[in-house]
Protein chains: 2
Amino acid sequence: MSSPSKDRLRLWLRLLRLTRHVDGHLRDKLRVDFKTTLPRFDVMAALSRHPEGLKMSQLSGVLRVSNGNVTGIADRLADEGLVERVPVPGDRRAMTLRLTPAGNVEFARQANAHEGWINEMLSGISAADARAMAAQLIVVAQAAENKEKINDPSHA
Amino acid sequence: MSSPSKDRLRLWLRLLRLTRHVDGHLRDKLRVDFKTTLPRFDVMAALSRHPEGLKMSQLSGVLRVSNGNVTGIADRLADEGLVERVPVPGDRRAMTLRLTPAGNVEFARQANAHEGWINEMLSGISAADARAMAAQLIVVAQAAENKEKINDPSHA
DNA sequence: TAACAATATTTCAAGTGTCAAAAATTTCTT
DNA sequence: AAGAAATTTTTGACACTTGAAATATTGTTA
C-alpha cells in the first residue's frame, strides 16, 4: 500500500518532525543560554548579513514573515539597544534597521553557539552527506517554489 | 572555506527554508480553502489516528507542544463541534479529547486535500528519492534525539 | 496642481505558542 | 484517616504571527 503521493507525504512528515525537533531545541538553548528567542535571533542574523542595514519591508521579505511581525520584534530589540532605526534620507516613510555595536557583539556570541548546537544535533550526518542532501534540497525547493508561480495569476 | 560544522549548518538552513515554505503554503491553503489553521489540523490529525481519543496531556505529548497550548485549540475546536471532551471514568482530573462525527467528516476532507498539496509541492522529488530521503532522515532524527538523552540528567 | 494610486510602516484583533503558577483530584505515606 | 506529594488540566502573562485597516509619504496623471 504505497504510492508516490504517500511516499512524499511520509517524507514531509519526517522532515517536519526533524525540523520541529531541532527548532524546539534551538529555542530552548536561546532562551536558557541567551535569554532571547528564535525570531529575535533570525532578525539579528539577517541584519548581520547586511551591515548597512535593511528597510523594514526588506527585512520581512528576507525572513518571509509579515510586516507587522517585524515591527514588534524590532521594538523589543531596540529597547535593549541591540538594533537601531535609522531614517532613510530620501524617503520619510521608510526606516532602516541595523545592528548596533552592542548588537553585533551579542549576535557573534549567539551565532557561534548556534553553529555548535546544529553541528551537535546533526552529527548523525557526515559532512559529505550533508552537502549531498543540501544540494538535493535546493532542487526540491526550486521545484516547489516554481510550482507556485505557475498557479499564480499575477503573472498572467 | 568549508568544515563539517559549516556543511551541517548549511544543510539546516536549507531544511528550514524548505519546511517553512511548505508550512506557509499549507497554512494559506487551510485558511483559504477550509477556514482553519495548521495547529487545528494537527490536533485533528492526531485525534484521527486515535479514534478512542487522547487525554490532553497525551495530545500535547504527541504534538510536542505545551499543555496550555492544546487547551485553547481544543476550546475553539469544541466550540465548532469538531471535537468533544469526554470525562475519563476513573479519574475526575483528566479529560479525553476526541473527534465528533462531524469532526471526522471534516478532517477526512482536509486530509485528502493536504496530501494533494504536499504531493504537488514535493513533485520535484521522485517517489524513490522520497523514500530514500525519508529513510536517511530517520537515522538523523534518531541521532539527534539520542544526543539529548545523553545530556539529560533525568536518566542518571 | 488636485485627485488618485502606490508604497512603507505601524496598529489592531485574533489565534498560536511558551512557561510558570494555580486549581482540582488522585495517590502515597505514615 | 490525615497530610504531603504527585498528576492533570486550566489560567495568566507575555511573545510571536498573520491579515487587514489605518497613517504617512511619494509618485502619477488628468
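Check off (1) within 15 Å of DNA strand C (Cβ to nearest atom); (2) over 27 Å from A:Trp117 (Cβ atoms); (3) at pLDDT below 95; (4) not basic (Lys, Arg) for B:Val83 and give me the number that stays unchecked.
It is condition (3) that B:Val83 fails.
What number goes with the only condition from (1) within 14 Å of another protein chain (Cβ to nearest Cβ); (2) within 12 Å of DNA strand C (Cβ to nearest atom); (3) open to solvent by 40 Å² or more (accessible area, probe 1.4 Å); (4) under 20 Å from B:Trp117 (Cα atoms) that B:Thr37 does not pass?
Failing condition for B:Thr37: (1).
Filter segment A:67-85 for residues that are more than 14 Å from DNA strand D (Cβ to nearest atom) and loosely packed, with under 13 Cβ neighbours inside 10 Å and give the result.
Correct list: A:Gly81 only.
Do we find a residue being more than 28 Å from B:Val65 (Cα to Cα), surrounded by 16 or more Cβ atoms within 10 Å (Cβ to Cβ) and in contact with a strand residue (DSSP E or B) (Cβ under 6 Å, 6 or more places away or on another chain) anywhere in segment A:3-26?
No, segment A:3-26 contains no residue that is more than 28 Å from B:Val65 (Cα to Cα), surrounded by 16 or more Cβ atoms within 10 Å (Cβ to Cβ) and in contact with a strand residue (DSSP E or B) (Cβ under 6 Å, 6 or more places away or on another chain).
Quick test for you: out of B:Val43, B:Val88, B:Val32, pick the one residue that is open to solvent by less than 20 Å² (accessible area, probe 1.4 Å) and out of contact with any Pro (no Cβ under 8 Å at 6 or more places or on another chain). Talk me through it step by step, then tell me what you get.
Values: B:Val88 fails: open to solvent by less than 20 Å² (accessible area, probe 1.4 Å); B:Val32 fails: open to solvent by less than 20 Å² (accessible area, probe 1.4 Å).
Just a single option satisfies the conditions, and that option is B:Val43.
Considering each residue of segment B:85-120, count those that are within 14 Å of chain A (Cβ to nearest Cβ) and among the aromatic types (Phe, Trp, Tyr), and give that number.
Number satisfying all stated conditions: 1.
Within segment A:97-132, work out how many residues are more than 30 Å from B:Val139 (Cα to Cα), within 19 Å of the chain's Cα centre (by Cα) and either more than 16 Å from DNA strand C (Cβ to nearest atom) or open to solvent by less than 30 Å² (accessible area, probe 1.4 Å) (or both).
The number of residues fulfilling the criteria is 8.
The values are calculated or read from the model by the stated rules, or taken from the named source; none is laboratory data. Here the structure is a predicted model, which is why all the values come from computation and not from measurement. Cβ coordinates were reconstructed from backbone atoms using ideal geometry, including for glycine residues, and neighbour counts include every protein chain displayed. Surface areas here come from the heavy atoms of the whole protein model, side chains and all, with no ligands, DNA or RNA. Shrake-Rupley method; radii C 1.70, N 1.55, O 1.52, S 1.80 Å.
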